[in-house]
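First the structure, in the form of structure tokens, and then the observations on it.
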Amino acid sequence: NTEIKKFIGYLPDEPYVYNLLTGREFLSFISSIYKIKFDEQKFDYYLDKLDLKNVIDQIISSYSKGMKQKLLLMSIFLRDPEIYILDEPLIGLDPQSISYLKKYIIEKSSLGKTIILATHLLDLAESLATRLVIIYEGEIIISGTKKELVQKLNLSENASLEQIYLVATKSEKSL
């Protein structure tokens, strides 16, 4: 249902783009699917923040993986959904874009948006997440705030997310 999809912005681990379109055509196409009114100011803002100004009118097949990732993120940002599902969103991004994405996630979360971030980068998860879910071999092993995870696993309150993960997955293996 398109109405429900308007509320969700999904970035898959291996996203698909229409390589024969330009970046501008792709964003226009996505906007038309979701019936989003084109906002020139917002468009220019994200072009600048994601450093896509020089490539937006080029065919997407000429884009690097990182540029495609930024284009897909921009397609979500322009819609500003209530729920963001981002699967490994940093893949291919340059340090400037990574920094911006982190700030974006923090800002949207503070505004009450739901951000679901799937990542293997534990430092990223630890710095951004308010609730954590550790999944191992397709199963949820443990979930909660970092403080709750530390308590559930009887770890030091200074334990890193990496330590939490290693203890949680090791105990899961021994069951």
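The values are calculated or read from the model by the stated rules, or taken from the named source; none is laboratory data. Bear in mind the structure is a predicted one, so any value in this text is a computation, not a measurement. Cβ atoms come from the backbone with ideal geometry, glycine included; neighbour counts cover every protein chain shown. In case anyone asks, the SASA skips ligands and DNA or RNA and just uses the protein heavy atoms, side chains included. Shrake-Rupley method; radii C 1.70, N 1.55, O 1.52, S 1.80 Å.
Here are some notes:
- Filter pass, Lys103 being out of contact with any helix residue (DSSP H, G or I) (no Cβ under 7 Å at 6 or more places or on another chain), free of Cβ contacts under 8 Å to residues at least 40 places away in the same chain and either open to solvent by less than 30 Å² (accessible area, probe 1.4 Å) or under 14 Å from Gly9 (Cα atoms) (or both): no
- Test: residue in region 28-39 that is closer than 19 Å to Lys108 by Cβ and either part of a strand (DSSP E or B) or β-branched (Val, Ile, Thr) (or both): yes
- Candidate set from region 148-175 (those that are of a type in the set (A, V, I, L, M, F, W, C) and in contact (Cβ under 8 Å) with a residue 12 or more places away in the chain); member that is nearest to Ser97 (Cα to Cα): Leu161
- When each of Leu73, Leu124 is tested for being at pLDDT 95 or above, in a helix (DSSP H, G or I) and surrounded by 18 or more Cβ atoms within 10 Å (Cβ to Cβ), the lone residue that passes is Leu73.
- Within region 12-63, tally of residues that are open to solvent by 90 Å² or more (accessible area, probe 1.4 Å) and aromatic (Phe, Trp, Tyr): 4
- Within region 131-147, residues that are under 10 Å from Ala168 (Cα atoms) reach partners that are open to solvent by 50 Å² or more (accessible area, probe 1.4 Å) and aliphatic (A, V, I, L, M) with beta carbons closer than 9 Å, at six or more positions or on different chains, in the pairs Ile134/Ile140; Ile141/Val133; Ile141/Ile135; Ile142/Val133.
- Close Cβ contacts (under 8 Å, 6 or more residues apart or on different chains) running from residues in region 7-35 that are under 17 Å from Gly66 (Cβ atoms) to residues that are loosely packed, with under 15 Cβ neighbours inside 10 Å and of a type in the set (Gly, Ala, Ser) comprise Asn19/Ser61.
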